[in-house]
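Working notes, beginning with the structure itself.
The values are calculated or read from the model by the stated rules, or taken from the named source; none is laboratory data. Keep in mind the model is a prediction, meaning the values are calculated, not measured. Here Cβ is always computed from backbone atoms with ideal geometry, including for glycine, and neighbour counts include all displayed protein chains. Quick note on the areas: whole protein, heavy atoms, side chains included, nothing else; ligands and nucleic acids left out. Shrake-Rupley method; radii C 1.70, N 1.55, O 1.52, S 1.80 Å.
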Amino acid sequence: MIYFLDIKGINAQYREELRVAFDRVLDSGWLIMGSELKSFEEEFAAFCGVKHAIGVANGLDALTLIIKAYKELGIFADGDEIIVPANTYIASILSVSANDLTPVLVEPDILSYNIDPRLIEAAITPRTRAILPVHLYGRLCDMEPIMAIAGKYNLKVIEDCAQSQGAQLSDGRRAGQLGDAAGFSFYPGKNLGALGDAGLVTTGDDALAGCIRALLNYGSHVKYRNLYKGVNSRLDELQAALLSVKLKNLDEQNKRRKAVARRYIEGIKNPKIVIPEPGGEGTHVWHLFVIRSEDRDGLQEYLKAKGIQTVIHYPIPPHRQEAYRELQGLIFPISEQIHREVLSLPMSPVLKDEEVSYIIDVLNNY
Ligand SMILES: *Cc1c(COP(=O)(O)O)cnc(C)c1O
C-alpha cells in the first residue's frame, strides 16, 4: 500500500536530532515558556521575514487569538464581518465565529481553488473589518488584488498559513509576511509538523503582538497581573525544540514536494482527471496534490484497489455543515463542485520515485 502521508517516515529523517532536542529539554527541567520557545520564535520570524513570531497551542488558536486581539484593541467588535473563502477547512471560519464575528463566504477561483479576488468587493458591507485569505493546499492566494482591496476599504488582512509554511513569492516574501497578521498550524501532517499540536502567529504589528502574548497566557502581561480575560494557548518547550530541528530543513522538504508535483503534472495524462495549476514558481509548496474527477468516488475506489491511498480535502463544505446551520441556505456552486470532485494523491517529501511512477501509470490507465 502506498500511504497518503507517511508521517513516521518524515520524522524518521530527523530521528537523531529530535532525540538530542528531547534530551536537552528533559535535562533542562524547564518545560513551558523558556529558551526553546524563544529560539524557535526567533528562527521562525527570521525565516518568514517578520518582526514578531508568537508560538501558540495550535493553528485554530493562532487565528482565533489574532481576531480576539483585534477586538481587545478596539479594532473589531461583536457582529463585525470578516470575509473568508467558501472553499476552506472549517477551522478558518471557526476562528471568526468563536469571536462572535460573522464570516462572509466568498467563492474560490476554480483554477487556484483559493478565494477569488474579483468577487471580494461585492461582499463588502459597512461592517466588514477584515479579509481572511487561506493559502489552501499550499498555494499562495493572489495577494496583490486582495491587499489593494483591503487598502481601499481599510480592512485588516489575516492570512491562514496552516497549509503553506515556506511558500514564497518571486520577490522572496513568504506566507505569513503578506498581510497584517498570519496564523500557522504545525499539526503533524502539515509541511512543518510538530510531534503533537502546535501553532504560531506572525505579525509586524507591535500592539497586536503584545496583546496576543498576553492573551495566550491567561491575559497576563506581567506575572499575576491580568490585562485581559485570556486563554491558555502556550506552545510548550518540547514542541518548540522539535520544530526548531525540522524548520532548518523546511525549504529542502518543500523542494522535494515540488519535485513530486512536477512529476505528477508532467506524467498524468488522462482526460477524466483535472490536474492542479502550479501557480508562479515557488508560490506553491504542495501541502496537498489535489486532482479533480467527475467520478471522484469511483476513482478513489479504483486507486484503493491498486494499493494507492487517497484522501478527500474536503468532502463537505463549511456552509453545508450542521455546525453552520445559519449558512445552509446559501449556495456556492464552485465550492460545492470542488468538494464533490477533489481527491488528494499521496504527497510527501519521502515519497519514492518508483511510487510516483506507479501512481502516474495507474492514473493513466484509469
Ligand atoms: C490545519 C488547518 C487549520 C487548523 O490548524 P490546527 O493546528 O489543526 O488547529 C486551520 N486552517 C487550515 C486551512 C488548516 O489546514
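Could you work out the relative contact order of the stretch 250-365? I mean the mean sequence separation of Cα pairs under 8 Å and 6+ apart, divided by the number of residues, in percent.
Numbers: 129 pairs, mean separation 44.0, N = 116.
Relative contact order of the stretch 250-365: 38 percent.
Which values of log₁₀ I(q)/I(0), to two decimal places, follow from the Debye formula for the stretch 118-164 at q = 0.13, 0.19, 0.25 Å⁻¹ with a uniform point scatterer at every Cα?
Values returned for q = 0.13, 0.19, 0.25 Å⁻¹ are -0.28, -0.58, -0.92.
Sequence-distant or interchain residues sharing an amide H contact under 5 Å with residue 104, placed H: which?
82, 83, 84
Using alpha carbons only, how many angstrom separate the centre of the stretch 315-366 from the centre of the stretch 164-188?
First find each Cα centre; the distance between them is then 22 Å.
When the gyration tensor of the chain is built from Cα positions, what are the square roots of 5 times its three eigenvalues, in whole Å, from largest to smallest? Please list the in-between numbers first.
Working: eigenvalues 211, 150, 57 Å².
After scaling each eigenvalue by five and taking roots: 32, 27, 17 Å.
Summing +1 for each Lys or Arg and -1 for each Asp or Glu, what net charge is found among the other residues whose Cβ lies under 15 Å from the Cβ of residue 285?
Details: positive: 139, 173, 174, 190, 246, 255, 256, 257, 258, 262; negative: 159, 160, 251, 252, 277, 281.
Taking every other residue near residue 285 into account, the sum is +4.
Where the centre of each part is set by its Cα atoms, how far does the stretch 83-98 sit from the stretch 274-298, in angstrom?
Computed from Cα coordinates, the inter-centre distance equals 21 Å.
Quick one: Cα centre-to-centre distance for the stretch 107-148 and the stretch 1-56, in angstrom?
Result: 31 Å between the Cα centres.
Using +1 at the C-beta of Lys and Arg and -1 at the C-beta of Asp and Glu, which of 299, 275, 250 has the Cα lying farthest in the positive direction of the dipole of the chain?
Checked the options; the winner is 250.
If you take the Cα atoms of the stretch 250-365, find Rg, then find the Kirkwood Rh from the mean of 1/r over all pairs, what is Rg/Rh?
Details: Rg = 15.5 Å, Rh = 15.4 Å.
Across the stretch 250-365, the Cα-based Rg/Rh ratio is 1.01.
Where the only charges are on Cβ atoms (+1 Lys, Arg; -1 Asp, Glu), what is the dipole of the chain about its Cα centre, to the nearest 20 debye?
Values: 40 positive and 47 negative charges, 65 e Å.
Its charge dipole is roughly 320 debye.
Mind listing the Cα extents of the stretch 57-120 along all three principal axes, in Å, largest one first?
Result for the stretch 57-120: principal-axis Cα extents of 37, 25, 14 Å.
Could you check how much of the accessible area of the stretch 250-365 is carbon and sulfur, as a whole percent, using a 1.4 Å probe? Numbers along the way, then the final one.
Working: 2790 of 5590 Å².
Answer for the stretch 250-365 is 50 percent, counting heavy atoms of protein chains only.
Please list 3J(HN,Hα) in residue order for the stretch 47-54, calculated via the Karplus relation 6.51 cos²θ - 1.76 cosθ + 1.60 where θ = phi - 60°; whole Hz, with x for glycine and proline.
Working through the residues one at a time gives 4, 8, x, 10, 6, 10, 10, 10 Hz.
Please work out the average accessible area per residue across the chain, using the 1.4 Å probe convention, and give it in Å².
Numbers: 15960 Å² over 366 residues.
In whole numbers, the chain has 44 Å² accessible per residue.
Could you tell me what percent of the accessible area of the stretch 1-103 is made up of carbon and sulfur, with a 1.4 Å probe and every protein chain present? Mind showing how you got there, number by number?
Values: 2680 of 4720 Å².
For the stretch 1-103, the apolar C and S fraction of the accessible surface comes to 57 percent.
Can you list residues whose amide H is under 5 Å from residue 187's amide H, if they're 5+ apart or on another chain and H is modeled 1.01 Å from N?
59, 194, 198
What Rg and what Dmax come out for the stretch 230-311 when only alpha-carbon atoms are used, in angstroms?
Here Rg and the maximum Cα pair distance are 17.8, 53 Å.
I need the Kirkwood Rh of the stretch 119-199: take the reciprocal of the average 1/r across all distinct C-alpha pairs and report it in angstrom.
On the way: mean 1/r = 0.0748 Å⁻¹.
By the Kirkwood definition, the hydrodynamic radius is 13.4 Å.
Translational diffusion coefficient, Stokes-Einstein: compute it for the stretch 1-159 using the Kirkwood radius over C-alpha pairs as Rh, at 4 °C and 1.567 mPa s, and state it as an integer in µm² s⁻¹.
Details: Rh = 18.1 Å.
After rounding, the answer is 71 µm²/s.
Less than 14 Å Cβ to Cβ from residue 25, Lys/Arg counted +1 and Asp/Glu -1: what total charge do the surrounding residues give? Mind showing how you got there, number by number?
Details: positive: 19, 24, 38; negative: 17, 23, 27, 36, 236, 237.
Neighbourhood net charge equals -3.
Please give me the summed charge of the neighbours of residue 299: other residues whose Cβ is under 13 Å from its Cβ, Lys and Arg +1, Asp and Glu -1. Spell out each step's value before the answer.
Working: positive: 272, 292, 296, 304, 306, 340; negative: 294, 295, 297, 301, 341.
Here the count lands on +1.
Taking the radius of gyration and the Kirkwood hydrodynamic radius from Cα positions alone, what is the Rg/Rh ratio for the stretch 84-238, to two decimal places? Numbers along the way, then the final one.
Working: Rg = 16.0 Å, Rh = 16.5 Å.
Rg divided by Rh gives 0.97.
Give the peptides 131-139, 6-14 in descending order of average Cβ contacts within 10 Å, highest first.
Details: 131-139: 27.3, 6-14: 14.8.
The peptides rank, most packed first, as 131-139, 6-14.
Identify, among 176, 33, 47, the residue whose Cα sits farthest towards the positive end of the charge dipole of the chain, taking +1 on the Cβ of Lys and Arg and -1 on the Cβ of Asp and Glu, with the dipole about the Cα centre.
Sorting the options by dipole projection puts first 33.
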